[in-house]
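**Q** Right, I'll just put the structure down here and ask away after.
The values are calculated or read from the model by the stated rules, or taken from the named source; none is laboratory data. The model shown is predicted, which means the values in this text are computed figures rather than measured ones. Please note: Cβ atoms are built from the backbone with ideal geometry, for glycine as well, and neighbour counts cover all protein chains shown. Surface accessibility is based on the protein's heavy atoms, side chains included, excluding ligands, DNA and RNA. Shrake-Rupley method; radii C 1.70, N 1.55, O 1.52, S 1.80 Å.
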Amino acid sequence: MKLDKSKQKEINKICVVGLGYIGLPTASMLAIQGYQVIGVDIDEKRVKTIRDGKLIINEQGLMTLLTGAITSGNLVVKTEPEEADVYIICVPTPAMAYNHGKKCDLSCVLSAVNNIKPYLKDENLIIIESTIPPKTTEMIYNDITKNTGKNIYMAYCPERVLPGNILKELVENDRTIGGINEKSAQLAKEIYASFVEGNLYMTDSTTAEMVKLMENTFRDTNIALANEFAKVSTELNINVWDAINLANKHPRVNILNPGPGVGGHCISIDPWFIVGSSENAELIKKARNLNDDMPKYVASLIIKEFKEMRICNPKVGIFGITYKGDVEDTRETPARAIIDYLLQNDFEVSIYDPYAVDFEYPLSTMEESIKNSDALIFLTDHDEFRDFGKDDILEISKLMRNKIVIDTRNILNHNLWKELGFDVKLLGDGRTWIK
Ligand code: SAJ
C-alpha cells in the first residue's frame, strides 16, 4: 500500500529508536512508504554497519528492503535522535530476577525516552513497540507531560512477528493500537496503515499492553498444561502424546505439546510482566514455575533411570540445545539447566547442535557426541533429527556403548529405532520408563 501524501500532512518525519529485529525492518518499511525516517541506535558499530548497507541480523528479505530504503534517501541512521513528528521506540525489555521470579527491566525504554525528551515539540506522537508491563505507557506519558510541559500524543503498538518470517508478518499480521487517548490511537493507526495489510484494531494503551502479554501467556499456560498432562500420564503408565492427539480431535480443544521446558526471549519471560503487575495472577505464576521446573523433572527422570539400569560413569550425547527447532538462539533454553543437573550428578556430557554457535559448554561434532555414549538425549526439535533414517541409525548404533535414546520432543521414528535395537524412552510416556 502506498502512502497517500495528501492525507499525511501532519506526519512527515519519523524517528525510530532501536535498530534491532523490529526497529530496523520497521524503519526500512516506513522509508520505502515515503516517510523521512531517522533510524537511531546507541551502538555506533551497528549504525556504521547499517550505513554501509550491511545487515546486523540474519532475516529473509531484509537486505533488499534495507538497500531500497537507503538508496531512496529516506532512511538515515545515526546514534542521536533529532526533531521529528513521530518517535517509535523499539528497544529491548529483558527480564531481571525479582522476588523468586522475574520482572521487566525497563532501563532501555526509559533511557530511549530520556534521549528523545530534548527534541520533543507540542503535537509529537510517541509510539512504544517494546513489550512492557501494563500501565507503563501511561506512566511514561505522565512523566513526559509533567517534566517537559509538552502537549504530546502517545500510543502502545506491540510487535507480533516471528523471527525468520519478520517481513511477511510485519505486513500481513493484524495489529493492536493502544492510544493514551483517541487522537493518539488515530494518529498511530495512520502510520501503520501505510504498510500493514492486516486489520488495525484501536484500543487504550493499557489494554494493548495486556493484549501482547496475554498472547504469550496463553501459549505458556497451554504448554504448562501439556507438561502437567505429561507428568500425570507418566504416573498412569500411558502415552500423553496419544492422549493429546485424541483430545485435540474435539473441535474446540487445542492442547500444545509437552517438552523439556519453555525457552526463548518472549514466552518464558512475558508472563512475569503480568505476575509483577497483579496479585491475582496466580495461575500464570504457577504455569510459569511449572514450565521452569521441567528441566529438573526431565533430568531427574534420566538420573533415576540410569540408577535403575545400574549404568556406571554414564556418558550421554545431548542432541539439540537451542530453545526451539531450526533456530540458532539459545536464550533461556531449557537445555542449559538439564545439562547442569546431569553434570552435577556425575554424567559425562557431550553436546551436538547443528545450529548453535555460542554456548557456555563446549560443542562437539555429531560423531564425538555419539561415540561411547550410553544414551542420546534429544532436547530440541530440529528437522535434522526428525529425518534420521535407517542408515543414520545403524551408523549411530555402531558408535554407542549402550543403545538408549531419550526423546523429549516426540520427534523420532520410535518403531524404526526400536527395530534397530534401541531402548526408546519418551517424555510423557509412562510405559517407556522403569518404575
Ligand atoms: N514450546 C513447547 N510446546 C509447544 C510449543 C512451544 O514446549 O507446543 C516451547 C518451544 O520449544 C520454545 C518455547 O516453547 O522453547 C517458545 O516457542 P514458541 O514457538 O512458542 O514462541 P517464540 O518465543 O519463538 O515466538 C513467540 C511467538 N508468539 C506466539 O506464537 C504466540 C511470536 O509470534 C511472538 O512475536 C514472539 O513470541 C514474541 O516476540 O512475543
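**Q** Would you mention how many residues in the range 108-163 are of a type in the set (A, V, I, L, M) and within 16 Å of the ligand (Cβ to nearest atom)?
**A** Keep residues of the range 108-163 that are of a type in the set (A, V, I, L, M), which gives 109-110, 112-113, 116, 120, 125-128, 132, 139-140, 144, 152, 154-155, 161-162.
Next, from what is left, pick out any that are within 16 Å of the ligand (Cβ to nearest atom): 109, 128, 132, 161-162.
So the answer is 5.
**Q** List pairs: first residue in the range 300-322 and over 24 Å from Asp383 (Cβ atoms), second residue open to solvent by less than 50 Å² (accessible area, probe 1.4 Å) and of a type in the set (Asp, Glu) anywhere in the structure, Cβ distance under 6 angstrom, at least six positions apart or on different chains.
**A** As it stands, the answer is Ile311/Asp374; Pro314/Asp374; Lys315/Asp374, since those pairs meet every condition given.
**Q** Anything in the range 188-205 that is of a type in the set (A, V, I, L, M) and surrounded by fewer than 22 Cβ atoms within 10 Å (Cβ to Cβ)? List them, or say none.
**A** Narrowing the range 188-205 to residues of a type in the set (A, V, I, L, M): 188, 191, 193, 196, 200, 202.
If the condition is that a residue be of a type in the set (A, V, I, L, M) and surrounded by fewer than 22 Cβ atoms within 10 Å (Cβ to Cβ), then Ala193, Val196, Leu200, Met202 are the ones that fit.
**Q** Checking Lys418 against (1) closer than 24 Å to Ile339 by Cβ; (2) part of a helix (DSSP H, G or I), only one condition comes out false. Which one?
**A** The one condition Lys418 does not meet is (1).
**Q** OK, next. Return yes when Ala208 is of a type outside the set (Ser, Thr, Tyr), within 23 Å of Pro334 (Cβ to Cβ) and surrounded by 16 or more Cβ atoms within 10 Å (Cβ to Cβ) and no when it is not. Can you show your working first?
**A** Values: of a type outside the set (Ser, Thr, Tyr): yes; within 23 Å of Pro334 (Cβ to Cβ): no; surrounded by 16 or more Cβ atoms within 10 Å (Cβ to Cβ): yes.
It is false that Ala208 is of a type outside the set (Ser, Thr, Tyr), within 23 Å of Pro334 (Cβ to Cβ) and surrounded by 16 or more Cβ atoms within 10 Å (Cβ to Cβ).
**Q** List the pairs whose first member sits in the range 333-354 and is farther than 19 Å from Gly263 by Cα, whose second member is assigned to a helix (DSSP H, G or I) and open to solvent by 50 Å² or more (accessible area, probe 1.4 Å), and whose Cβ atoms are under 7 Å apart, counting only residues at least 6 apart or on separate chains?
**A** Every condition considered, the pairs that remain are Val349/Leu343; Ser350/Glu368.
**Q** I'd like the residue in the range 74-92 that is assigned to a loop (DSSP other than H, G, I, E, B) and closer than 20 Å to Leu213 by Cα and, out of all such residues, is most open to solvent (accessible area, probe 1.4 Å). Steps first, answer last, please.
**A** Here is the first cut: in the range 74-92, the ones assigned to a loop (DSSP other than H, G, I, E, B) are 74, 79-85, 90-92.
Of the ones still in play, those that are also closer than 20 Å to Leu213 by Cα are 90-92.
Numbers: Cys90: 17, Val91: 23, Pro92: 87 Å².
So, considering only residues that are assigned to a loop (DSSP other than H, G, I, E, B) and closer than 20 Å to Leu213 by Cα, the one most open to solvent (accessible area, probe 1.4 Å) is Pro92.
**Q** A further question follows. Which of the residues belonging to the range 311-334 are within 11 Å of the ligand (Cβ to nearest atom) and touching a strand residue (DSSP E or B) at 6+ places or on another chain (Cβ under 7 Å)?
**A** Hit for the range 311-334 is Gly320, nothing else.
**Q** Only one of Thr176, Thr221, Thr206, Thr234 is among the polar types (S, T, N, Q) and within 12 Å of the ligand (Cβ to nearest atom). Can you tell me which? I'd like the intermediate steps shown before the answer.
**A** On the way: Thr176 fails: within 12 Å of the ligand (Cβ to nearest atom); Thr206 fails: within 12 Å of the ligand (Cβ to nearest atom); Thr234 fails: within 12 Å of the ligand (Cβ to nearest atom).
Going through Thr176, Thr221, Thr206, Thr234 in turn, just one is among the polar types (S, T, N, Q) and within 12 Å of the ligand (Cβ to nearest atom): Thr221.
**Q** All but one of (1) open to solvent by less than 40 Å² (accessible area, probe 1.4 Å); (2) in a helix (DSSP H, G or I); (3) within 23 Å of Arg431 (Cα to Cα) hold for Gly261, so report the exception by its number.
**A** Tallying (1) open to solvent by less than 40 Å² (accessible area, probe 1.4 Å); (2) in a helix (DSSP H, G or I); (3) within 23 Å of Arg431 (Cα to Cα), Gly261 fails exactly one: (2).
**Q** Going through Trp272, Trp241 one at a time, which residue ends up being open to solvent by less than 40 Å² (accessible area, probe 1.4 Å), under 17 Å from Tyr297 (Cβ atoms), part of a helix (DSSP H, G or I) and touching a residue at least 24 places away in the same chain (Cβ under 8 Å)? Give the derivation first.
**A** Details: Trp272 fails: under 17 Å from Tyr297 (Cβ atoms).
When all the criteria are applied, what remains is Trp241.
**Q** Could you say which residue among Ile339, Ile311 is open to solvent by less than 20 Å² (accessible area, probe 1.4 Å), out of contact with any helix residue (DSSP H, G or I) (no Cβ under 6 Å at 6 or more places or on another chain) and among the β-branched types (Val, Ile, Thr)?
**A** Of Ile339, Ile311, the one residue that is open to solvent by less than 20 Å² (accessible area, probe 1.4 Å), out of contact with any helix residue (DSSP H, G or I) (no Cβ under 6 Å at 6 or more places or on another chain) and among the β-branched types (Val, Ile, Thr) is Ile339.
**Q** Please verify whether Arg252 is under 25 Å from Asn216 (Cβ atoms), under 17 Å from the mean Cα position of the chain (by Cα), modelled with pLDDT of 95 or more and more than 11 Å from the ligand (Cβ to nearest atom), treating the condition exactly as stated.
**A** So Arg252 does not fit the description; no.
**Q** Every residue in the range 119-177 that is open to solvent by 60 Å² or more (accessible area, probe 1.4 Å), hydrophobic (A, V, I, L, M, F, W, C) and within 23 Å of Asp329 (Cα to Cα), please.
**A** The answer is Leu162, and nothing else.
**Q** Now for a different question. What residue, of Ala95, Ala185, is away from the ligand (no atom under 15 Å from the Cβ) and either open to solvent by 10 Å² or more (accessible area, probe 1.4 Å) or at negative phi (or both)?
**A** Working: Ala95 fails: away from the ligand (no atom under 15 Å from the Cβ).
Unique residue meeting the criteria: Ala185.
**Q** Being closer than 23 Å to Ile244 by Cα and in contact (Cβ under 8 Å) with a residue 40 or more places away in the chain is the filter; apply it to the range 384-410 and report the residue that is surrounded by the fewest Cβ atoms within 10 Å (Cβ to Cβ).
**A** Phe385
Here's the yes/no breakdown for (1) assigned to a helix (DSSP H, G or I); (2) open to solvent by 40 Å² or more (accessible area, probe 1.4 Å):
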{"position": "Val298", "(1), (2)": "yes, no"}
{"position": "Val316", "(1), (2)": "no, no"}
{"position": "Ala356", "(1), (2)": "no, no"}
{"position": "Tyr361", "(1), (2)": "no, yes"}
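**Q** In addition: Residue by residue through the range 25-71, note down the ones that are in a loop (DSSP other than H, G, I, E, B), open to solvent by 60 Å² or more (accessible area, probe 1.4 Å) and modelled with pLDDT under 95. Spell out the reasoning first.
**A** Of the residues in the range 25-71, the ones in a loop (DSSP other than H, G, I, E, B) are 33-35, 41-43, 52-61.
Then drop every residue that is not open to solvent by 60 Å² or more (accessible area, probe 1.4 Å), which leaves 42-43, 52, 54, 58, 60.
If the condition is that a residue be in a loop (DSSP other than H, G, I, E, B), open to solvent by 60 Å² or more (accessible area, probe 1.4 Å) and modelled with pLDDT under 95, then Asp52, Lys54, Asn58, Gln60 are the ones that fit.
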